[in-house]
Each structure stands twice: as C-alpha cells, then as structure tokens.
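Structure record follows, encoded as structure tokens.
Computed from the coordinates by the stated procedures, all read-outs in this text should not be read as laboratory data. Since the model is a prediction, treat every value here as computed from it, not as a measurement. Here the Cβ is made from the backbone with ideal geometry for all residues, glycine too, and neighbour counts use every protein chain on show.
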Amino acid sequence: MFRSGFASVVLAWACFSSGVSPASAAVLVPHRAVYDLELKDVSDRAGISGMYGRMVYEFNGSACEGYTVSFRFVTKVSTGEEERLTDQQTTTYEDVKTGNFRFLTRSYTDEKLDKEVRGSAHEAEKGIKVDLTSPDKREVELARGLFPTEHMLDVIERARKGERLFESRIFDGSDAGDKTLITTTLVGAEAKPAVGEGDAAKAGAMASKPFWPVTISYFNDETAGDAVPIYRMQFKLYENGITRDLTMDYGDFVLSGKLANLEIFKQEDCK
C-alpha cells in the first residue's frame with residue numbers, strides 16, 4: 001500500500017545526518033492532510049470493478065524531540081460480487097539526528113485485524129539494524145539506507161539544486177519490516193498551478209506557490225537488471241513538504257488522491 005517514505009514529511013530548521021547543512025535545510029511545516037481517493041485505472045488482472053476511499057496523513061514533532069507520523073489509508077473495494085473495507089494504520093517515530101526509527105503498522109479487512117508489524121531500526125556501523133517484535137521477534141541486518149524523513153529531505157534538497165534523476169536506498173518499515181527498497185526519483189521543472197487547477201485551491205496559502213512534479217518508483221532491493229517497479233508514486237511537492245495531486249500506481253490498478261483538507265499546525269521552537 002501507500003508508503004510512509006513518500007509522504008509529505010515535515011521538519012523545522014536543523015542539521016541532519018543526511019548531509020543537509022543548517023544553511024540549506026528546507027523549512028517544512030507540521031500539518032495534517034486529507035486526500036480523497038478514487039480508482040483512476042484498472043486492468044482485468046486486478047479483479048476490481050471499483051475502489052474509493054480516504055487517506056489522512058499527520059506529522060508532528062521537532063528537531064529536538066524527533067518526528068512522529070500518523071497515517072491512515074481506508075478504501076472500499078468492489079469486485080463486482082462483493083465489497084470489502086481495507087484499513088491500514090501506520091505510526092512512526094524518527095530521530096534524524098541519532099538515526100533511530102520506530103514503526104507500527106496494522107492492516108484490517110472488514111474491521112478484522114489481518115496483520116501487525118512492529119519494530120525499531122537504527123543506523124549501525126555497516127548499515128541498518130532492525131529489531132522486530134511483531135509478528136515474530138527477530139533481528140535483521142540490512143544495507144545502509146535512508147529513513148523516511150531523511151529521504152524526503154534528500155528529495156527536496158536535490159530538487160532545489162536542480163537535480164532531476166537520482167537513486168536512493170530506503171527503509172520505511174513497510175510490508176514485513178525486514179528489507180530495504182531501492183527508489184528512483186524523477187523531479188520535473190518547478191512550476192506554478194494553472195488557474196482552477198484540480199485540488200490547488202485546497203492547499204490554502206500554498207495554492208499559488210510553485211511546486212515540483214515528482215515521481216518516485218520503488219523496487220525490490222534484491223532485483224537485478226531492468227526491473228519493473230513494485231509501486232510508483234506521482235505528486236506535486238511544495239518546498240515546505242506539503243503535497244497534492246497524487247497518483248498511486250500499483251501495477252494492476254491506479255488510484256488518484258486529491259487534497260480535500262489541509263491544516264497547518266503551530267511549529268514548536270527547538271530549544
């Protein structure tokens with residue numbers, strides 16, 4: 001499903017382990033964004049006749065205390081013969097300065113818990129060490145990569161520098177929480193919204209601000225050669241981390257996400 005690593009993560013001014021200096025770090029804002037979802041395209045292989053839903057993404061925290069993300073992705077799926085309600089709920093905490101990350105994801109179908117993945121990860125000498133506590137207790141050692149906040153900071157910083165195509169390895173605790181993913185990011189030229197453009201009016205003070213069109217493709221880390229992405233995300237990214245006009249391509253079906261509501265939170269001072 002939707003990856004927390006994409007999402008519109010937000011931070012205050014700070015110096016981060018991803019190499020962003022205080023002078024160049026992006027000024028991002030804590031916020032709560034709600035997106036209306038609908039089916040944009042579907043293949044016969046998907047076995048889906050309809051899908052719609054809502055996605056809520058909320059970011060809080062500070063450079064001093066670390067950053068928390070609460071994310072919920074609810075869809076109603078129709079197969080033509082039956083309907084089912086899917087509900088994915090994810091909570092993460094990330095301290096970018098110390099390289100620590102905690103994650104908890106619960107997935108429900110028709111209000112019944114299907115899966116819970118819980119664990120923590122930290123930057124180790126040779127890569128990332130993951131301690132999983134659910135569904136099974138085990139340790140996993142992975143190659144070095146970026147956590148979600150680091151990754152989004154890196155995307156914004158590279159976009160500001162005019163870089164258009166780059167690759168990263170990330171760990172976001174998704175799926176079974178035991179592997180990294182390779183991402184390829186394509187950043188388009190900075191643009192301003194056209195008059196009456198889609199969900200731009202829902203972006204409040206950002207409605208007329210310039211944005212970058214961004215596409216991030218996710219690949220299994222162990223895949224070699226000309227691999228097909230397991231998931232692709234397109235969105236319009238503002239310099240402060242707010243996003244809108246989402247397209248989520250899962251291969252057999254594609255969802256669109258339009259910004260329905262945006263609430264900016266007060267940014268706490270880092271003392």
Computed magnitude of the charge dipole of the chain (debye, nearest 20; Cβ of K, R +1, Cβ of D, E -1): 640
Farthest toward positive dipole pole in the stretch 79-136 [+1 Lys/Arg, -1 Asp/Glu at C-beta], among Gly99, Ser134, Thr79: Gly99
Paramagnetic reach from Lys209 in the stretch 237-264 [backbone N under 20 Å; point 7 Å along Cα→Cβ]: 237-247, 258-264
For the stretch 88-131: relative contact order, % (alpha-carbon pairs under 8 angstrom, 6 or more apart): 29
Cα centroid separation, the stretch 46-124 to the stretch 130-197 (Å): 15
Gain upon complete extension [Ala176, Thr98; 0.36 nm per residue less C-alpha separation]: 25.7 nm
Relative contact order [Cα under 8 Å, 6+ residues apart], the chain, whole percent: 21
Under 15 Å from the Cα of Lys115 - aspartates and glutamates, other chains or at least 8 residues apart: Asp87, Asp136, Asp175, Asp178
Residues Asp41, Asp131, sorted so that the one with the fewest Cβ neighbours within 10 Å comes first: Asp41, Asp131
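Classify the stretch 165-271: rounded, prolate or oblate, from the alpha-carbon gyration tensor (a ≥ b ≥ c, eigenvalue square roots; a/c under 1.5 rounded; otherwise prolate if a/b is larger than b/c)? Don't skip to the end; give the middle numbers.
Numbers: a/c = 2.07, a/b = 1.55, b/c = 1.34.
Judged from the Cα gyration tensor, the stretch 165-271 comes out prolate (a/c at least 1.5, a/b above b/c).
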Proximal charge balance of Gly47 [Cβ under 10 Å; K/R count +1, D/E count -1]: -2
Cα-Cα over 27 Å, subset of Lys76/Lys258; Lys40/Lys266; Lys129/Lys258: Lys40/Lys266; Lys129/Lys258
Simple Cβ-charge dipole of the stretch 132-234, Lys/Arg +1 and Asp/Glu -1, about Cα centre, in debye nearest 20: 460
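What number, in percent, do you get for the relative contact order of the stretch 158-256 if the mean sequence gap of Cα pairs under 8 Å and at least 6 apart is divided by its residue count? Working shown, then result.
Numbers: 175 pairs, mean separation 20.1, N = 99.
Relative CO of the stretch 158-256 lands at 20 percent.
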Dipole of the stretch 31-264, positive direction: furthest Cα of Ala227, Gly241, Gly173, with charges on the beta-carbon: Gly241
Two-site FRET efficiency, Glu65 against Val228, from Cβ-Cβ distance with R₀ of 30 Å, rounded to 0.05: 0.15
Positive-end residue, the chain charge dipole about Cα centroid, Cβ charges, pick of Gly145, Gly66, Ile264: Ile264
Sparsely packed GluC sites (Glu not before Pro) within the stretch 130-193, loop by DSSP, other Cβ within 10 Å at most 16: Glu163, Glu190
Cα-projected label distance for Glu83 with Arg32, points at 7 Å along beta-carbon direction, nm: 2.6
